[in-house]
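Here it is, the structure, as structure tokens.
The values are calculated or read from the model by the stated rules, or taken from the named source; none is laboratory data. What you are looking at is a predicted structure, and each value in this text was computed from that prediction instead of being measured. Quick reminder, even Gly has a Cβ in these numbers, built from the backbone with ideal geometry, and neighbours come from all protein chains shown. The area values use the complete protein model at the heavy-atom level, side chains included, leaving out ligands, DNA and RNA. Shrake-Rupley method; radii C 1.70, N 1.55, O 1.52, S 1.80 Å.
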Amino acid sequence: MNLAQAAQARPPGDPGGENVLRLADVTVRFGGITAVDAVTLDVPGGQVVGLIGPNGAGKTTLLDSVSGLRTPTEGRIVLDGADVTARTASWLSRHGIRRTFQRHQAFGWLTVRQNVLVPLEWRTRGRGLLGDLLGLPHRRRETEALLQRVDEVVELCGLSDVRDVSAATLPIGRLRLLEFARAIVDSPRLLLLDEPTSGLGQRETELLREVLLGLVRRHELTVILVEHDVDFVMGLADRVVCLVQGAVLADGTPAEIRRNPEVIAAYLGN
Ligand SMILES: Nc1ncnc2c1ncn2[C@@H]1O[C@H](COP(=O)(O)OP(=O)(O)OP(=O)(O)O)[C@@H](O)[C@H]1O
Ligand SMILES: [Mg+2]
């Protein structure tokens with residue numbers, strides 16, 4: 001079953017049709033460069049949107065805007081009906097937007113488990129969950145439920161055998177999976193993935209595909225997937241958007257995008 005079929009298989013009454021994310025004329029300029037050019041996009045809940053396009057097309061900049069790292073120069077970003085254009089990255093992450101980066105952002109000096117715990121720390125309202133884990137036994141009980149969640153996700157991402165190893169010692173593929181684990185551990189509503197297969201071996205790519213499929217099937221998870229591995233993105237996405245020079249060149253099903261002559265000329269044919 002692919003994701004489109006999984007979405008159709010949702011039980012009646014499941015709120016799959018509401019727009020989780022709405023981008024209205026989002027523009028990002030760096031001096032004279034228009035990196036994102038009046039992008040308008042509605043993303044319904046549960047949809048997996050593949051975002052493709054040549055190097056420099058503005059894909060990462062668009063994810064930066066949606067995740068609050070870069071306020072758009074113009075336009076609006078609406079999450080679940082609320083304007084979040086000026087919200088900070090930490091506010092957005094606490095309200096269900098999680099992401100991975102093109103270059104992994106793991107903390108090398110922490111173990112795999114500790115790394116996956118960090119995104120949950122805010123849930124202890126500043127009581128220092130990580131400090132508890134690292135040193136204070138009497139407060140450890142409080143953290144057990146969260147640690148259980150950490151271990152579930154570590155296992156899901158195939159990292160159980162290295163869970164107590166410091167991240168700095170991991171090869172790149174496993175670091176990328178660690179970053180993915182960190183992005184999903186707090187059960188996001190909207191997951192933004194920036195080239196998640198880069199650095200992964202074939203088996204790791206397959207694992208990532210299976211985990212993503214499972215998450216989308218079981219939860220109301222909405223995904224924007226930036227990816228240069230065309231087969232990976234076409235196999236997972238319900239819908240593919242092709243960005244060129246910051247603007248939407250095409251928006252359609254994977255099959256439509258694959259045969260779109262403009263997309264072939266600008267990107268797929270290269
Ligand atoms: N911080 C910045 N300052 C100035 N220009 C930037 C900055 N970040 C990105 N750009 C420019 O914005 C444009 C879009 O870059 P972006 O990284 O979003 O592209 P991309 O589609 O993610 O490319 P790639 O596939 O190579 O990752 C490029 O022209 C890039 O040089
Ligand atoms: Mg990029």
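A quick yes/no check of all residues on (1) free of Cβ contacts under 8 Å to residues at least 40 places away in the same chain; (2) in contact with a strand residue (DSSP E or B) (Cβ under 6 Å, 6 or more places away or on another chain); (3) open to solvent by less than 10 Å² (accessible area, probe 1.4 Å):
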| site | (1), (2), (3) |
| --- | --- |
| 154 | no, no, yes |
| 162 | no, no, no |
| 168 | no, no, no |
| 194 | no, yes, yes |
| 204 | no, no, no |
| 219 | yes, no, no |
| 229 | yes, no, no |
| 254 | no, yes, no |
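Still on this structure, I have one more. Of all residues in region 63-107, how many are basic (Lys, Arg) and away from ligand 2 (no atom under 16 Å from the Cβ)?
Step one: list which residues in region 63-107 are basic (Lys, Arg), which gives 70, 76, 87, 94, 98-99, 103.
Now drop any that are not away from ligand 2 (no atom under 16 Å from the Cβ), which leaves 76, 87, 94, 98.
Total meeting the criteria: 4.
Follow-up. Condition first: within 16 Å of ligand 1 (Cβ to nearest atom) and of a type outside the set (Val, Ile, Thr). Now tell me which residues in region 233-250 satisfy that.
242, 243, 245, 246, 247, 249, 250
Still on this structure: What pairs come out if I take residues in region 16-37 that are more than 16 Å from ligand 2 (Cβ to nearest atom) and pair them with residues that are acidic (Asp, Glu) whose C-beta lies under 7 Å away, six or more apart or interchain?
Hits for this filter: 19/42; 20/80; 22/42; 25/74; 27/37; 27/74.
For region 72-95, how many residues are open to solvent by 20 Å² or more (accessible area, probe 1.4 Å), within 16 Å of ligand 1 (Cβ to nearest atom) and not in a helix (DSSP H, G or I)?
As a first pass, look at region 72-95 and keep what is open to solvent by 20 Å² or more (accessible area, probe 1.4 Å): 73-76, 80-83, 85-91, 93-95.
Among the residues that remain, those that are also within 16 Å of ligand 1 (Cβ to nearest atom) are: 73-75, 89.
From what is left, the residues that are not in a helix (DSSP H, G or I) are 73-75.
Residues meeting the conditions: 3.
Same structure again: Could you list all residues from region 204-232 that are within 16 Å of ligand 1 (Cβ to nearest atom) and touching a Pro at 6+ places or on another chain (Cβ under 8 Å)? Don't jump to the end; show me each part of the working.
Taking region 204-232 as the starting set, the residues that turn out to be within 16 Å of ligand 1 (Cβ to nearest atom) are 224-230, 232.
Matches in region 204-232: 225, 227.
Criterion first (within 19 Å of the chain's Cα centre (by Cα) and either over 21 Å from residue 260 (Cα atoms) or in contact (Cβ under 8 Å) with a residue 40 or more places away in the chain (or both)) does residue 60 satisfy it?
yes
Now for a different question. Go through region 35-71 and give me each residue that's buried (at least 18 other Cβ atoms within 10 Å of the Cβ), farther than 14 Å from residue 241 by Cβ and touching a Ser or Thr at 6+ places or on another chain (Cβ under 8 Å).
Matches in region 35-71: 35, 45, 46, 65, 67, 68, 70.
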